[in-house]
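Worksheet for the structure shown next.
The values are calculated or read from the model by the stated rules, or taken from the named source; none is laboratory data. Keep in mind the model is a prediction, meaning the values are calculated, not measured. Positions of Cβ are backbone-derived with ideal geometry, glycine not excepted, and every protein chain shown enters the neighbour counts. Just the protein is used for accessible areas: all its heavy atoms, side chains included, with ligands, DNA and RNA removed. Shrake-Rupley method; radii C 1.70, N 1.55, O 1.52, S 1.80 Å.
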Amino acid sequence: MSRRRVLEVSSDEGPSQSQPASQRSQSQGVSEISDHDKKMLAGNVCNFLMVSDCKKTPAKRSDIVKAVLKEHGRHFKEILAEANQIMERVYGYKVVELETKNQFIMVNTLMMNNNNDNDDLLLAPKSSSEAASMGLITAILAGIFMSGQVMQEGPMREYLKKLGIDIDSQEEHPTFGNITKYFQDLVKQQYLQTTKNKDVEPPTNEYRWGERAHKELSKKDILEFVCKVYGNQTRPEDWVTQWKIVKKEEEES
């Protein structure tokens, strides 16, 4: 399972009086930042992150520095840590750095609350259209997990047809629009990861969970979701292979 990287806050104290004069001069030449400016910039970073989250695209460090921090870029870590505290305290989101370093997403820390009465949608939708999209994403990720954590293109097409989605249709879906583009967006948003299987002729795509899926969902919750689909006639432990993966994930978390 992908792990979150801890955001380390660097210390930016003023130069020690014991430092040589040349070192003090170099340190004093670097831009300083007041607590007021740090909080103001952290708020602006929050706004930048929320705009990126609306598009479900990772925010790059270079873009944050260029658009928001500017000459205060050297204080990136401490300002991002401050922004993370604001996001958690005010919005219930956590800022997470992807394994593709220097890229950040927001993860809803409340969406996996098992006490939530809305058990059918694991991703805490904000609107009816988002509810439908999150429901489909959850179903797709569940299908991949139950298929051994990877699903070939052919089985994925058949699986989607059972959900009333025809990826080969020339007509736009009334809810999800162009399904081919919808899948491309899921890859861009890092809910899905695709690789080309060149061992078959013609080569086909393979689908796996993307980084955002790993950070927003746990496989235990997906397995419990599958059990609900079966009307709670099965327990998570009954799916022996998947349950082993769940236990391993819990041990590593």
Exercise. Is it the case that some residue within region 5-14 is part of a loop (DSSP other than H, G, I, E, B), open to solvent by 40 Å² or more (accessible area, probe 1.4 Å), at negative phi and at pLDDT 50 or above?
Worked result: no
Seminar exercise, completed: Among residues of region 52-76 being not in a helix (DSSP H, G or I) and not polar (S, T, N, Q), the residue farthest from L98 (Cα to Cα) is K55
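For every residue, the table says whether it meets (1) surrounded by 12 or more Cβ atoms within 10 Å (Cβ to Cβ); (2) at pLDDT 90 or above.
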| residue | (1), (2) |
| --- | --- |
| H173 | yes, no |
| G177 | no, no |
| T195 | no, yes |
| D199 | no, no |
| P203 | no, no |
| E206 | yes, yes |
| E211 | yes, yes |
| H214 | yes, yes |
| V226 | yes, no |
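Assess whether I167 counts as being assigned to a loop (DSSP other than H, G, I, E, B) and open to solvent by less than 80 Å² (accessible area, probe 1.4 Å). Walk me through it before giving the result.
Details: assigned to a loop (DSSP other than H, G, I, E, B): yes; open to solvent by less than 80 Å² (accessible area, probe 1.4 Å): yes.
It is true that I167 is assigned to a loop (DSSP other than H, G, I, E, B) and open to solvent by less than 80 Å² (accessible area, probe 1.4 Å).
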Seminar exercise, completed: Those residues of region 183-206 that are closer than 19 Å to I137 by Cβ and outside any strand (DSSP E or B) come to a total of 9
Exercise. Any chance region 119-133 includes a residue that's assigned to a helix (DSSP H, G or I), over 30 Å from P202 (Cα atoms) and at pLDDT 80 or above?
Worked result: yes
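For every residue, the table says whether it meets (1) acidic (D, E); (2) in contact with a Pro (Cβ under 8 Å, 6 or more places away or on another chain); (3) more than 22 Å from K188 (Cβ to Cβ); (4) modelled with pLDDT of 90 or more.
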| site | (1), (2), (3), (4) |
| --- | --- |
| Q19 | no, no, yes, no |
| H75 | no, no, yes, yes |
| Y91 | no, no, yes, no |
| K94 | no, no, no, no |
Exercise. For region 148-188, what are the residues that are within 25 Å of T100 (Cα to Cα) and in contact with a helix residue (DSSP H, G or I) (Cβ under 6 Å, 6 or more places away or on another chain)?
Worked result: M151
For this session: Go through (1) assigned to a helix (DSSP H, G or I); (2) out of contact with any helix residue (DSSP H, G or I) (no Cβ under 6 Å at 6 or more places or on another chain); (3) at pLDDT 85 or above and name the single condition F104 misses.
Result: (1)
Exercise. Among the residues of region 231-241, is there at least one that is surrounded by 14 or more Cβ atoms within 10 Å (Cβ to Cβ) and either small (G, A, S) or within 24 Å of the chain's Cα centre (by Cα) (or both)?
Worked result: no
Exercise. If E251 satisfies every condition in (1) open to solvent by 50 Å² or more (accessible area, probe 1.4 Å); (2) part of a helix (DSSP H, G or I); (3) modelled with pLDDT of 90 or more but one, which is the exception?
Worked result: (3)
